[in-house]
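Only the coordinates and a few stated rules stand behind these numbers; no lab work does. Everything numeric in this text was worked out from a predicted model, so none of it was measured. Here the Cβ is made from the backbone with ideal geometry for all residues, glycine too, and neighbour counts use every protein chain on show.
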Amino acid sequence: DEYEVIVETLGLHFRSNRESLRLKRPYKTNPDVLAAVSKTNQLLTAGLEDLKERRYPKAKTKFETILLDEPYHNGALRGMADLYFRSGEYAKGLTAIHIVLQLNGYDEAANFMAGNLYRAMGDFTNAREAFGWAARSMEFRSASFTQMAELSLIQSQFELAKEYAHKALDFNRYNINALQTLAIAERMSGNNQEAKKPIHQLIEIDPLHHFANLELYFLNPSKKNWDHFIGLIHNEYPDQTHLELAIAYHNRGQDEAAVQLLEKLMDTSQNPILHLWHAYLNNDAELLNVANEISPEFVFPYRRETIQTLVWATKNNSDWKWTYYLALNLWA
């Protein structure tokens with residue numbers, strides 16, 4: 001017999017009929033449904049799944065196959081633009097996304113991708129315009145406002161950076177990048193007490209948030225605060241944590257902070273990519289000589305931002321390892 005048990009004080013409601021709880025969502029694709037979908041759309045869906053799962057060569061093959069038959073296919077062009085962005089081929093990405101925007105100038109996803117491509121190429125005017133259109137969509141609103149906040153930070157427009165960061169937080173109060181940007185903008189404006197507010201919010205969300213603890217050090221560069229920051233990094237690749245932070249500051253136009261962080265690590269680090277970024281941000285090729293002496297074993301650069309630094313290194317230093325690292329990074 002069927003029965004129910006209800007315990008209101010505990011919020012429990014048990015039903016013996018398990019079928020009443022079975023989800024009605026379909027978990028299998030009816031062959032007739034699949035047969036009705038065009039081969040192009042099947043290929044696009046498979047390519048987008050490959051993109052999500054980081055099987056980039058497979059995704060690229062599928063998108064290119066679609067474009068052979070339909071050169072102006074919206075979805076395939078957006079997929080190719082995404083791949084070009086990830087590989088640092090920004091001009092090719094813009095060529096693809098411009099076709100999409102010619103077909104639909106209000107396409108929010110295409111505008112967001114265009115904004116990222118323009119920003120990567122240093123074209124901040126067009127990046128702002130593209131992010132502005134993307135922000136019309138709830139899907140991209142908080143992220144687009146964050147991008148505009150970071151662009152303002154790069155251009156030392158700290159009040160505007162704060163305004164956009166607050167707008168981003170209005171639509172996502174857990175927006176980590178917006179909180180980070182707000183903290184930097186307040187510190188750069190000399191508002192140390194205000195800077196602590198987003199820092200503490202970050203620590204509430206993530207008690208081991210390394211950016212927040214580094215910002216506390218920048219607010220008060222004491223040995224105690226530095227030791228606190230360093231002492232919380234216990235992962236197996238601390239150099240990668242430091243590198244991620246340095247690049248995050250560089251991406252927001254805060255090279256001075258990035259250099260300040262890296263210089264504290266130069267005496268102990270045996271990571272050539274960390275030394276590379278230190279040399280690049282100082283525009284001092286002589287500093288590469290230290291990295292030349294470090295073994296290339298287990299060094300696997302993969303970030304798209306590092307491509308530009310490795311290209312710079314190959315032009316300014318004859319050591320074979322820089323060309324090797326560049327090849328690895330491009331492969332990644």
Practice problem: Would you list which lysines come within 22 Å of Lys264, measuring only between C-alpha atoms, while excluding same-chain residues fewer than 8 positions from it? | Solution: Lys223, Lys224
Quiz prompt | Expected 222 nm ellipticity per residue - DSSP helices of 4 or more, -39500 (n - 2.57), all of the chain, to 500 | solution = -21000 deg cm²/dmol
Quiz item: Do any of Lys62/Lys92; Lys28/Lys62; Lys92/Lys315; Lys39/Lys62 go past 19 Å between their Cα atoms, and which?
Solution: Lys28/Lys62; Lys92/Lys315
Quiz prompt | Charge-dipole axis of the chain as Lys and Arg at +1 and Asp and Glu at -1 on Cβ define it, positive-most pick from Tyr249, Leu179, Asn289 | solution = Leu179
Self-check item: region 264-332 - Rg and Dmax from Cα coordinates, angstrom
Solution: 10.8, 31
Quiz item: Among rounded, prolate and oblate, which fits the chain when a ≥ b ≥ c are the square roots of the eigenvalues of its C-alpha gyration tensor, a/c under 1.5 means rounded, and a/b larger than b/c means prolate?
Solution: oblate
Quiz item: Once you mark the chymotrypsin sites (Phe, Trp or Tyr not before Pro) that are in a DSSP loop and have at most 15 other Cβ atoms within 10 Å, what is the longest gap between them in the chain?
Solution: 175-297
Self-check item: Binned Cα-Cα distance frequencies in region 256-299 - 5 Å width, integer %
Solution: 5, 25, 36, 23, 9, 2
Self-check item: 15 Å beta-carbon shell around Lys197, net charge (K/R +1, D/E -1)
Solution: 0
Quiz prompt | Qualifying trypsin sites (Lys or Arg not before Pro) for region 13-57 [loop in DSSP, other Cβ within 10 Å: at most 13] | solution = Arg22, Lys24, Lys28, Arg54
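Using mean Cβ contacts within 10 Å as the protection proxy, how do 235-245, 193-203 order, highest first? Mind showing how you got there, number by number?
Values: 235-245: 15.5, 193-203: 17.8.
Final packing ranking: 193-203, 235-245.
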